[in-house]
1. Would you please list the contacts, defined by Cβ atoms under 8 Å and residues six or more apart or on different chains, that run from a residue in segment 150-176 that is surrounded by 12 or more Cβ atoms within 10 Å (Cβ to Cβ) to a residue that is part of a loop (DSSP other than H, G, I, E, B) and of a type in the set (Lys, Arg)?
2. When only residues in segment 19-57 that are among the β-branched types (Val, Ile, Thr) and modelled with pLDDT of 50 or more count, which is farthest from the chain's Cα centre (by Cα)?
3. Here are some conditions: (1) touching a Gly at 6+ places or on another chain (Cβ under 8 Å); (2) closer than 14 Å to LEU56 by Cα. ALA97 meets all but one. Which one does it not meet?
4. Using the structure shown, decide if ARG91 is surrounded by fewer than 17 Cβ atoms within 10 Å (Cβ to Cβ), on the phi < 0 side of the Ramachandran plot, modelled with pLDDT under 95 and not acidic (Asp, Glu).
5. Of (1) of a type outside the set (Phe, Trp, Tyr); (2) crowded, with 20+ Cβ neighbours inside 10 Å; (3) in contact (Cβ under 8 Å) with a residue 60 or more places away in the chain; (4) over 27 Å from GLU155 (Cα atoms), THR65 satisfies all except one. Which?
6. Taking into account only those residues within segment 128-149 that are touching a residue at least 40 places away in the same chain (Cβ under 8 Å) and not aliphatic (A, V, I, L, M), which is nearest to PRO81 (Cα to Cα)?
Amino acid sequence: MGLAASGIAAAGGALLLWGGTAGLPLPAPSAILPGGRPDVTLLGVRVVEDRAGERLWEAAADRATVFEGEGRTLLTREVQPVRITLYSDGRTLESVADRAVVWMEKREVVLEGDITARSDQGITLRTERLTWLADRRSLETDAPVTITRAGLTIEGEGMEADLTLERLTLKVHRGSRVTGRTKGRS
C-alpha cells in the first residue's frame, strides 16, 4: 500500500516536491535509521536548495524521510539511485548514490553507498561516502576514492576537492596509472 499524494513544501531553505508513489510501499518503522520516528515520509521527491536566487544543489529520490527535530532528511533509493546535482560558479557535478542525508542547519549533503560523481569537465569520482559542504562549496571524504580523467586513474584514501574535481588533495595517495594508447615515441 502506498501514499497517493503530491505537493510542494518549503522547509529550512529547501524546497520539497513530491508526487505519486509509483507503487512504492511506506517503510516499516523499524526500517528507519536510529533517531526516532520520522515526522513525514514522502515518495518520489525532488529537493532543491537556493540561496539569494542562486541554485546550490538539487536532488531526486524515490523516498524522503524527514526528521524535523534533528534537522535532517534521509533520501533513499527504492528502484532508482538518488540523483544529486551540485552547483558552484556556473559549474556542475552530477552524482548518483544509494542514499543521501541532508543536514539543513549545517548546510551539508552527505552521500552514502555506491557513489559515482561526474564533473562537467569529464572527471569521474567513485567512493562510498562523500560530503558536500555548501558554505565552503567543497567536497570531503575519508573513504577510499578513485578519480578518472582521460585515461588517468588516481586512487587514494580521503580527499578534499572543489566541485569541479580539478583542484583536490588526497590524504593518502595509493597510486596512479595511465591506460589506453598514447601518441608519440615509445
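The values are calculated or read from the model by the stated rules, or taken from the named source; none is laboratory data. Treat the numbers as computed from the prediction; the structure is a model and nothing was measured. Positions of Cβ are generated from backbone atoms using ideal geometry, with glycine treated the same way; all protein chains shown enter the neighbour counts.
1. ALA161/ARG167; ASP162/ARG137; LEU163/ARG137
2. VAL40
3. The number of the failed condition is (2).
4. Yes, satisfied.
5. (3)
6. The extreme case among them is TRP132.
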